[in-house]
Amino acid sequence: MDFHQIRYASTGLSEGRVFRPVEYTFTDYNDVAKWQTWTEPFLRTDPNESAQPSLFYGAFGEQAALVRRDQSGGPGSENAHALIGSSTLLSTRLALELSSWSWAQLPGTLTPLSPAWFVGSRTPPTAETRSAEVMARLGPALSHILANGPAPLVLPSSMFTLGLLWAVQEILGALTVGLTGTGTWNLAFETYDDRWNSVDHSGLFLRFRPGAPYPVPYPDYAQVAQRLAERYVEGSLDTELRNLGVLGERDMSARLGRLLQPLPAEPPPPPPPPVPSVADFWDPAQLPAQAPIQIWPTFTGANMAPPPKDSERGAKGGKVTCPMCLTPLSWEDARLYKFDDTVNDYVRLKLPPDAGEELRDRELRTAFVRCRTEESEGVFHYLPYAYGEYGPPAVFGFVGATSSGKTHLLTAMIAQLVRRGLGHGLTQEPIDLVRHQSLVDGQVKALIDDGKVLDTTQRGENGFVDAFLIQENGKTPRPVALFDVSGGELTEIGKAKRFLSVADGLIFVVDAQGLDRTKLGDPTFNTVLNFLAPRLSKVSAAVVLNKSDVLRFEDPAALWLRHEGRELDAELSLAESADVYAYLYERDAGAWIRPYRECKRATLHFASAVGSGAVSDGRFVRGVEPQRVLAPLLSLMAMTGVLTTPEAKKIGI
């Protein structure tokens, strides 16, 4: 069964703007007139207002309509476009999946559309649904829906409207599954209404009005609605409904009654096992007269907090996993090494028992821990002592094709850390002083000062680039390690670097100039995500649309690139993510958003590593000025717990 379409143009009259059909696919004009009568109340606007962009969806008997009202050319250009079909096909779910209108035909070319027409255009607003803002709105709205049944409900309009609608229809779909005669529970909606004499649609109808008060939770259903909302976000709603026996009831009123029943009391937790004493395992009489003294060396960097106490030490009693070979290492009894220039190799570092604090600090500042696993005969690798001194580091990796500019992006991030820092209240200090200075003197200065085009990451390199101690408002520092791997290696699952197995966060780099090369996305993204599938629930992601300088004259990219992005603001982060998401989606580049859909928490960013991509003789001809390169790094630090302020905890959806 095909879908029909009607396009409307508007005329300003004293009673408001009136919309009239100007193009349609019906062969019988009576059908056009019928739909004009049904939808006209939802096209009209306040007489003193021009038509604001809005979506309306509602069922009329066995048919349904999805209407988009728009003014793409500014006031006076108001128009509307209706998609009409069977209500069994054009459901609330499909209406929300088609809300971006990317499926639409150009004016003057309307034809009836088969269901297959929409296959590549169905995009549910699940990203918005996972946000904290939607969660805050979902519980109160759902409590009124459950209490009042299929009836109109007015809510304040916001940028989270589509996400809220999606969550409501998903929860109601789970509640009504298997029931008949629940048509009045099918969700109808209007996303923007400014009329003073609005007409309600029949059944459950959510209308969003600017400035409308948000309903307080309905008392009897407040806890039930909040529990359903939380289970939905967790992905355990169906399990919850089955466990409560809700789905065993055969009508909606009985199911609602079941939800209101008190939850069964949870059994008390079992008593903890007795704590064994030392005497259970050791005979004190057999201990030496004086146990060896374990000297805990201290490490204090410039402007850094003192080392954590034993009770607070992250590595104490635990392990730090080597990111290069995955060997668990204990910093508690680590054997220390230093690099000796005279022999061009690492040698044992032995601290005198009577070494003072200043001497220990100086020696440990450049000390290393050797991994116990041999990479090849007689060859070892070493980690800076500070890498594990403050507990397990946050490991971040850069993922992207060779042409994505990820090496330039990583280098630009390090340059901005050196030049401007992370922002108010945050300090950073390199962990491996020699490696960091070598990186700055070579790669960073070559890019920033000389404008040189950098070589891409070579195959076979171990991937470890740099590491920093990040300190937030005087708290105990947290190590952050940065890894970069050749894009060619990342496309081969067998050669995926071992650090991916312990990565806490990934920065996925999208080439803004390469979106038209393929519709299948970046193969490095797919390889890494497939490799990490068992632990994606523990990995956060920042998706960066790199080389966004090519969009510097286009909104919304132009707006974002004018701001440095060295502050944590959850609302701005969500708005930028939504803009990048929309940009990629509109260009049929949805495959690049896969990390956003699958990782634990995610953000999307506009950024430019160099500021201008024009190159001549191996140099950027306009020089290099990075734009918004620290925003993805800050977001990833927030999502992985390196930053712990209340605002940081709201970053990522």
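The values are calculated or read from the model by the stated rules, or taken from the named source; none is laboratory data. The model shown is predicted, which means the values in this text are computed figures rather than measured ones. Don't worry about glycine lacking a Cβ; one is built from the backbone with ideal geometry, like all the others, and counts go over all protein chains shown. The area values use the complete protein model at the heavy-atom level, side chains included, leaving out ligands, DNA and RNA. Shrake-Rupley method; radii C 1.70, N 1.55, O 1.52, S 1.80 Å.
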Q. Rounded, prolate or oblate: which one fits the range 518-653, using the alpha carbon gyration tensor with axes a ≥ b ≥ c (rounded when a/c is under 1.5, else prolate when a/b beats b/c, else oblate)?
A. oblate
(Q) Over 26 Å between Cα atoms: which of 452/600; 452/547; 445/475; 350/445 fall into that group? (A) 452/600; 445/475; 350/445
Q | Amide H within-cut-off set for residue 3, under 5 Å, with H built and near neighbours excluded | A | 113, 114
Q) Could you give the distance between the Cα centres of the range 598-653 and the range 403-452, to the whole Å? A) 13 Å
Q.
I need two numbers for the range 82-173: Rg to one decimal and Dmax as a whole number, Cα atoms only, in Å.
A. 15.2, 46
Q.
Please report the net charge: other residues with Cβ closer than 9 Å to the Cβ of residue 19, K and R +1, D and E -1.
A. +2
Q: Go ahead and run the numbers for FRET between residue 93 and residue 418, Cβ-Cβ distance against an R0 of 51 Å, rounding to 0.05.
A: 0.55
Q. Using the Cα atoms of the range 172-218 to build a convex hull, what is its mean projected area in square nanometres?
A. 4.5 nm²
Q: For the range 86-139, give the percent of accessible area contributed by carbon and sulfur heavy atoms, probe 1.4 Å, rounded to a whole number.
A: 61 percent
**Q.** Distance in nm between pseudo-label sites at residue 380 and residue 354 (7 Å out along the Cβ direction from Cα)
**A.** 2.9 nm
Q. So what does the Cα-only Debye profile of the range 516-574 read at q = 0.13, 0.20, 0.21, 0.29 Å⁻¹, as log10 I(q)/I(0), no solvent term?
A. -0.56, -0.99, -1.02, -1.18
Q: Sequence neighbours fewer than 8 away in the same chain don't count; with that in mind, list the aspartates and glutamates whose C-alpha is under 12 Å from residue 319.
A: 332, 333, 389
Q: Quick one: compute the contact order of the range 549-653, relative version, from alpha carbon pairs under 8 angstrom and 6+ residues apart, as a percent.
A: 34 percent
Q.
I want to verify the translational diffusion coefficient of the range 53-107 in µm²/s; compute it with Stokes-Einstein, Rh as the Kirkwood radius over Cα pairs, at 10 °C and 1.306 mPa s.
A. 134 µm²/s
